[in-house]
Amino acid sequence: MRHLKAGRKFGRTSAHRKALFRNLVGALIERERISTTLAKAKELRGKVERTITLGKKGTLHARRQAFKLAPQKEAVQKVFGSLADRYANRPGGYTRIIKIGPRRGDNAPMAFIELVDREGETPAPKEEAQKKTATKKETKPKATEKKETKPKATEKKEDKK
């Protein structure tokens, strides 16, 4: 029985798995959105969230622990700098997984994993969506009104005379 055996093996040795996730953590922190398989994205989520939480602590010990999860110097600087400031008031939940369908070659389920509140994102689309729904509500009653075509037909007859 497989009780309490957490984590996926991905058909790799432990060293290969560790190297894979160290590279994925660094790539996600630097680019803030990457495409990978759904299983890798789900496994990566916890490692990235732990790294960002270490960045929020800001201690030397936390920085050394973060280097174990993401050995890229630029990534760790970003975690302890801009990402720590961005997520200072957020109690976890720093990542989002978006399914994007199967991969063409082997039909593996693919997904985007991204950081919430990315630099490229703006909260304005929510306001625009509300404006669009408000305009749709206004136009619906107009569509139910009956059109009067009789006066137009009488006007044509009068023009012919």
- [ ] Quick one: compute a quarter of the convex hull surface over the Cα atoms of the range 14-127 and quote it in nm².
- [x] 8.2
TODO: Take the alpha carbon atoms of the range 1-38, find their center, do the same for the range 54-106, and report the distance between the two centers in whole angstrom.
DONE: 14
Task: Cβ-defined net charge surrounding I113, 9 Å radius [Lys, Arg +1; Asp, Glu -1] - done: +4
- [ ] Give a quick list of trypsin sites (Lys or Arg not before Pro) in the range 16-111 that DSSP marks as loop, anything other than H, G, I, E or B, with at most 16 other Cβ atoms within 10 Å.
- [x] R103, R104
TODO: Take every DSSP beta bridge whose two residues both sit in the range 14-127, then give the antiparallel share in percent to the nearest 5.
DONE: 100
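Bear in mind that the values in this text are calculations on the coordinates, not laboratory data. In this text the structure is predicted, and so the values were computed from the model without any measurement. Using ideal geometry, Cβ is built from the backbone for each residue, glycine included, and neighbour counts are taken over all protein chains shown.
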